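Any read-out appearing in this document is the output of simple, stated calculations on the displayed coordinates, not a laboratory observation. These numbers were taken from a predicted model, which means no experiment stands behind them. With ideal geometry, Cβ positions are generated from the backbone for all residues, glycine too; neighbour counts draw on all protein chains shown.
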Amino acid sequence: MILTPDEIQAIRQEAGHFPYPSAAAIEALNIAQRGHDWISDELLREVAEVLGISPADLDSVATFYNLIYRRPVGKRVIHYCNSVSCWMLGAEDNRRHLSERLGIGLGETTGDGEYTLLPIVCLGACDKAPVLMIGDETHFNVDPAKLDDILGETGAP
Amino acid sequence: MDKPLTRNIKPDGSAASLAEYRAGGGYEGLKKALAELAPLEVQQQVKDSGLRGRGGAGFPTGMKWSFVPMGEDAPKTKYLVVNGDEMEPGAFKDRLLLEGDPHQLIEGVAIASYAIQANIAYIFLRGEYRLAADRLRRAIAEAEEYKLLGANILGSGFSLDLRLHTSAGRYICGEETALLNSLEGKRANPRAKPPFPQVSGLFGKPTIVNNVETLCNLPHILRNGVEWYKGLSRTGEPGTKIYGVSGRVKRPGAWELPMGTTAREIIEEHAGGMRDGYRLKGYMPGGASTDFLLPEHLDIPMDYGSIGKAGSRLGTGTMILLDDRTCPVRMVLNLEQFFAQESCGWCTPCRDGLPWTVSLLERLIEGRGRLEDLHTLERLCGLLGPGNTFCALAPGAVEPLQSALKYFRADFERYLQPQSTRGGVYA
Ligand code: SF4
Ligand code: FES
């Protein structure tokens, strides 16, 4: 088992909130992902088992949503908004700057396993565009200089 | 000017506490509903208020509720679901309400649940709204502690269990029936209607799905009455509206203003006008799925009817501005890429048609376009339009495209000319 007893407990508790346990699929995947960074095939099978559904059914859910990672990601995922307002106000410059500084393209992870760079749709802060999210934190009005500051604080190269 | 929805929202971005919310009359509307009105009377008040759904479609809220079975023979379990899946590019108003005044939403949820006699409510929140999730969790706990949620609310005999569900990101979850599938732990494909969710929704039970801003209106309507609510507006459509502006203006942002305020006033006064060196070329009045309008439309009141007459939709009321130095064709490409990516893939016209519009636009921008491609794009707008697809994603997706082809035709045609003669209009 890769799932910890606490995680199994948490998943069971979520499942208890619904008329049938499969309804907790997204919560369960979120719980599993929080502890293991991404949903490997093995993890997926274990979560499916706890929920009492087939791995194929759970996989159809896992592959549908943007924030469930079915491939390895770094410790911190950088989601930069590439939707219209951010696009207009410099999202692409930020993307390029990130790629250069971290040495990774879209969908890639830095060699030290620290960062993964992924696009995301509008983060609901278009008045503060361009916007990006690093881990749980959202950063507003980002430009390359500000990016350097943000990355500096997290100890990036 | 009365701004009921945003009056507790603090400039420093912190959330209004329960005490602060109560000091401004918070939970009085709920108290009144529970103590003085029968559920159907609450429904009637909301119907009389003329409140229309603020999520984008603008359907009358009271009317929507009235399709829920009521009375002795109605199913025992009914659900109220909050649509907090704000993912439409250019829309950013619900975040303000969720983060700034979570109790207002909770009170709205309790009133709506009472009106349709639902005992379980879910807040379907997009996964990226981490701060909103934290604040809602705290506010729900507080409300439970003070008997504003849970069993026997304020001693009225009415009970409501409110749960927060954080989603995992997919635009289609904002579609009412797709949202229900998602809440059931499935892929978020829309469902065929009928049956309508009001009769058979979440887990097959009667369900109402309302947008965050819609629900936030309820406490005020209940507390202050229908006439007061109507008086907030400048037009025949009642209430206030949270309008927003993003793009190249001096002060982008969102403001609560009387329904029917004009785009000119919003852009020039509240957003401070265009940034120096930029001129307004067009604007989408209500998010990524609304038709462009032109500067000549700026004095039309921003309400559902007037914007509809002008050929677009009020949508979320959050405008995206196109300036004279941004290429409309590239902007439309960005929008179509979004919709193509977020299509749930359920029906062929949308699944195949949207990537086709993307590739035609890309080809055009790369200088490999032909005149007939513009005709194909136009034809696609019809093929993906209302009535031809399973849900409204595809028709919404072609709104910016069809209006851009109409208003900014020259910009599309410019790409048909040899590169050397195009001129350097856009950076
Ligand atoms: S129109 Fe698009 S999003 Fe809607 S059901 Fe069809 S494929 Fe899915
Ligand atoms: S477009 Fe980037 S936050 Fe809305």
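Overall shape: oblate for the protein assembly as shown, with the ratio a/c of the largest to smallest alpha carbon gyration tensor axis at 1.5 or above and b/c at least equal to a/b.
Looking at chain B, identify the longest residue range that excludes and avoids all GluC sites (Glu not before Pro) in DSSP loops having at most 15 other Cβ atoms within 10 Å. The longest uninterrupted stretch comes out as B:73-365.
Applying the criteria of a DSSP loop state and at most 12 other Cβ atoms within 10 Å to the trypsin sites (Lys or Arg not before Pro) of region B:303-367 yields no site.
Here the 3J(HN,Hα) profile of region A:137-153, calculated from phi with Karplus coefficients 6.51, -1.76 and 1.60 at θ = phi - 60°, is 9, 9, 10, 10, 6, 7, 9, x, 5, 5, 4, 4, 4, 4, 5, x, 5 Hz, Gly and Pro shown as x.
Shown is the FRET efficiency for B:K10 and B:R370, computed with R0 = 41 Å from the Cβ-Cβ distance and rounded to the nearest 0.05: 0.15. Return, ordered by residue number, the residues of region B:104-141 whose backbone nitrogen is under 19 Å from a label point located 7 Å along Cα→Cβ of B:E41. The answer is B:110-118, whose backbone nitrogens lie closer than 19 Å to the label point. Overall shape: oblate for region B:72-185, with the ratio a/c of the largest to smallest alpha carbon gyration tensor axis at 1.5 or above and b/c at least equal to a/b. Count the DSSP beta bridges whose two residues both fall in the protein assembly as shown, then state the antiparallel fraction as a percent rounded to the nearest 5. Roughly 45 percent of the DSSP beta bridges within the protein assembly as shown come out antiparallel. For the pair B:L416 and B:A19 in one chain, pulling the backbone fully straight at 0.36 nm per residue adds 136.7 nm over the alpha carbon distance.
The phi torsions of region B:230-243, fed into the Karplus equation with coefficients 6.51, -1.76 and 1.60 and a -60° offset, translate into couplings of 5, x, 6, 8, 9, 10, x, 9, x, x, 9, 9, 8, 9 Hz, rounded to whole numbers, with Gly and Pro shown as x.
Loop-located trypsin sites (Lys or Arg not before Pro) across region B:136-219 with a Cβ neighbour count of 15 or fewer within 10 Å are B:K147, with loop assigned by DSSP. Counting only Cβ charges, +1 for Lys and Arg and -1 for Asp and Glu, the dipole size of chain B around its Cα centre is about 420 debye. Against the main long axis of the alpha-carbon atoms of chain A, helix A:5-15 sits at an angle near 80°. Remark on chain A: A:C122, A:C126 stand apart, with no other cysteine beta carbon under 4.7 Å. Potential lengthening of the chain between B:E227 and B:A151 amounts to 24.1 nm, from the contour at 0.36 nm per residue minus the alpha-carbon distance. Amide H to amide H distances under 5 Å link B:R163 with B:A121, B:Y122, B:I123, where only residues 5 or more positions off or on other chains count and H is placed in the peptide plane. Taking θ as phi - 60° and the Karplus parameters 6.51, -1.76 and 1.60, the scalar couplings of region B:9-26 work out to 7, 8, x, 7, x, 6, 7, 5, 6, 4, 4, 5, 5, 5, 4, x, x, x Hz in sequence order, x denoting glycine and proline.
Taking each of B:K31/B:K205; B:K10/B:K93; B:K250/B:K281; B:K93/B:K193 in turn, the alpha-carbon distance tops 23 angstrom for B:K31/B:K205; B:K93/B:K193. About the centre of its Cα atoms, region B:23-163 shows a dipole size close to 160 debye [charges on the beta carbon of Lys, Arg (+1) and Asp, Glu (-1) only; nearest 20 debye].
Scan region B:76-153 for chymotrypsin sites (Phe, Trp or Tyr not before Pro) in coil per DSSP, keeping those whose Cβ has at most 15 other Cβ atoms within 10 Å, and list them by number.
Working: sites: B:Y79, B:F92, B:Y114, B:Y122, B:F124, B:Y129, B:Y146; in loops: B:F92, B:Y129, B:Y146.
Here the sparse-neighbourhood loop sites are B:Y146.
Ranking A:I134, A:W87, A:I104 by Cα position along the charge dipole of chain A, where only Lys, Arg, Asp and Glu carry charges on their C-beta atoms, puts A:W87 farthest toward the positive end.
Here the simple spin-label model places points 7 Å from the Cα toward Cβ, and for B:R163 and B:R275 these points are separated by 4.5 nm.
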